[in-house]
Amino acid sequence: MFIIKCPFCGERDQSEFSSGGEAHIIRPKQPTELSDDEWAEYLFMRKNIKGVQFERWNHSHGCRKWFNMVRDTSNDIIHAVYKMGEKPPIK
Amino acid sequence: MKFLYCAAQLEIIEYSILIKYFWQNMKNKYSIFSLIKNAFSYHENWQRAWRDPEPKKEYDAIIVGGGGHGLATAFYLAKKHDMRNIAVVEKGWIGGGNTGRNTTIIRSNYLWDASAGLYDHALKIWKGLSQELNYNVMFSQRGVMNLAHNLQDVRDLKRRTHANRLNGIDAVWLNTEEVKKFCPIINTSPDIRYPVLGGTLQKRAGTARHDAVAWGYARGADEMGVDIIQNCEVKGIKRNGDCVEGLETTKGFIKTKKVGVAAAGHSSVIANMAGIRLPLESKPLQALVSEPIKPIIDTVVMSNAVHAYISQSDKGELVIGAGTDDYVSYTQKGTHNIVEGTLKAILELYPIFSRMKMLRQWGGIVDICPDASPIISKTSIKGLYFNCGWGTGGFKATPGSGDLFAHTIANDEPHKLNKAFNLNRFVSGDLVDEHGAAAVAH
């Protein structure tokens, strides 16, 4: 259980949010030219990092807007929150 | 006279050999006799169930992860494939991960042929497991009932009973009255938020004591010479090109040509060390138990739609399974609202429990595959095998999973029962989609 600072609404309980999984997975520009391996990579393969991970979250029971988050999955500490389209504030 | 004396002496020697053999055998075998023998010494002289060895320099194979699946794999590698120079490395203590954290439900009523084959293979081994291991795993075929709460549930569950029966798996459809008769404490009133419209019953299904499964397999494997090395965390996988050369661990480098990974929630962490990608996400799954009470529920009841499942342990605690959180986390915690949602459903279905106190709540990290089916597979690296992706339902498969994973490692080829559960299915698209269809509780 943790508190998330929505970039639009401020601090709210995590239960108001839904996780959208790993961030910065780029949708293929030419889907018709993708091989099966590339499709598998895009659709299914995930980093699933134990440690600092970049994620998408949605404030589903609030403003319903999407945003990005940097979170340590080993202790659930949030390092940064940033809007969609923005560059991650930490590497 | 002299002759008679000699004969008597010979007989005494023979008897003493017999007695010695008997005692030795008793020393290793748990039985009523060993229980009586140890009672005379106030149970202070029981032999260790398994050794605590330091790692050797080299093994023929190493299993990463000392949970049920890993230990079962080592057991069957030694027993069926005669690979005795092997080890299990475990970063904590054996059975301390998901093996000791699940709600101990065992069933095989899965929809698809591949899953039915896999899980029923396990169920068949469960039946004779206590005898095979000489260790009481308290396997109890008390039946598992899956409730339907809406029309789509009814259709799905009926379809599943038909599919099960075509695969030789026992399954029956029960209407609401029959559900009530089988488990009288269920509230079958049509006025509740999600009324009980019926359910399926697998009578061969049930529960087992999860700790005993880990300990029984550990003891059995150790007896055949398998080294079980606890407090030994894998830090890296050494490769020579596309072949495995050994493991870097907190107890030093161990050489081996074959590594079988059964690391559940931490599978992706190990995969990253080897530089391969897995389609997994690790999420917290919670469970809780109540204070112990007298026997009240003699079966297992699962409700997928409202996400509540319940059974009663032999100690008398109600064992309640909650759901997963939707975000990746390795914290073995979970959020309160998940538990709250489950308890709301439990109270609506079983109003009799409204004044029960919950004793303990805990979380485990489950590795979930996109198709909710496991992976028991070779990888692109020679000598590296993965057994993962069991998600929220791996315990029931423990013996079958170990058996098939051992086969895959020993022969470098999958068994026909785990062929469909290869890593390549995410490339070919030949998924075993058990998500909504098979009463897989998520």
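Key figures for this structure:
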item	result
Selection count, region B:142-159, where residues are on the phi < 0 side of the Ramachandran plot, crowded, with 18+ Cβ neighbours inside 10 Å, at pLDDT 95 or above and not aliphatic (A, V, I, L, M)	2
Any hit, region B:312-321, residues being under 20 Å from B:Ser401 (Cβ atoms) and either in a strand (DSSP E or B) or at pLDDT below 95 (or both)	yes
Any hit, region B:310-321, residues being in contact with a helix residue (DSSP H, G or I) (Cβ under 6 Å, 6 or more places away or on another chain) and surrounded by fewer than 22 Cβ atoms within 10 Å (Cβ to Cβ)	no
Some residue of region B:265-281 being more than 11 Å from every other protein chain (Cβ to nearest Cβ) and buried (at least 24 other Cβ atoms within 10 Å of the Cβ)	no
When residues of region B:256-280 are limited to those that are in a strand (DSSP E or B) and out of contact with any Gly (no Cβ under 7 Å at 6 or more places or on another chain), the one nearest to B:Ile237 (Cα to Cα)	B:Gly260
Positions within region A:67-80 being surrounded by 16 or more Cβ atoms within 10 Å (Cβ to Cβ) and within 14 Å of A:Pro7 (Cβ to Cβ), in sequence order	A:Phe67, A:Asn68, A:Met69, A:Val70, A:Ile78
Pairs where the first residue, in region B:95-110, is at positive phi and the second is modelled with pLDDT of 95 or more and of a type in the set (D, E, K, R), C-beta under 9 Å, 6+ apart	B:Gly95/B:Asp211; B:Thr104/B:Arg209; B:Thr104/B:Lys396
Subset of region A:1-15 (residues that are among the β-branched types (Val, Ile, Thr) and surrounded by 13 or more Cβ atoms within 10 Å (Cβ to Cβ))	A:Ile4
Residues being touching a residue at least 40 places away in the same chain (Cβ under 8 Å) and within 12 Å of chain B (Cβ to nearest Cβ) - total across region A:4-49	7
Selection count, region B:316-342, where residues are closer than 17 Å to A:His61 by Cβ, among the β-branched types (Val, Ile, Thr) and either within 8 Å of another protein chain (Cβ to nearest Cβ) or in contact with a Leu (Cβ under 7 Å, 6 or more places away or on another chain) (or both)	1
Helices (runs of 4 or more DSSP H) fully within region B:1-108 counting 3 or more residues that are at pLDDT below 90	B:2-28
Verdict on B:Val301 being farther than 24 Å from B:Ser373 by Cα, outside any loop (DSSP other than H, G, I, E, B) and in contact with a strand residue (DSSP E or B) (Cβ under 8 Å, 6 or more places away or on another chain)	no
Residues (among the aromatic types (Phe, Trp, Tyr) and surrounded by fewer than 24 Cβ atoms within 10 Å (Cβ to Cβ)) located in region B:69-118	B:Trp93, B:Trp112
Test: residue in region B:247-270 that is free of Cβ contacts under 8 Å to residues at least 60 places away in the same chain and charged (D, E, K, R)	yes
Failed item in (1) within 30 Å of B:Glu223 (Cβ to Cβ); (2) in contact (Cβ under 8 Å) with a residue 24 or more places away in the chain, with B:Met145 passing the rest	(1)
Among (1) more than 14 Å from chain A (Cβ to nearest Cβ); (2) modelled with pLDDT of 95 or more; (3) buried (at least 23 other Cβ atoms within 10 Å of the Cβ); (4) under 27 Å from B:Ala322 (Cα atoms), the one test that B:Ser303 misses	(2)
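The values are calculated or read from the model by the stated rules, or taken from the named source; none is laboratory data. Keep in mind the model is a prediction, meaning the values are calculated, not measured. Cβ sites come from the backbone with ideal geometry, for glycine too, and all protein chains shown count toward neighbours.
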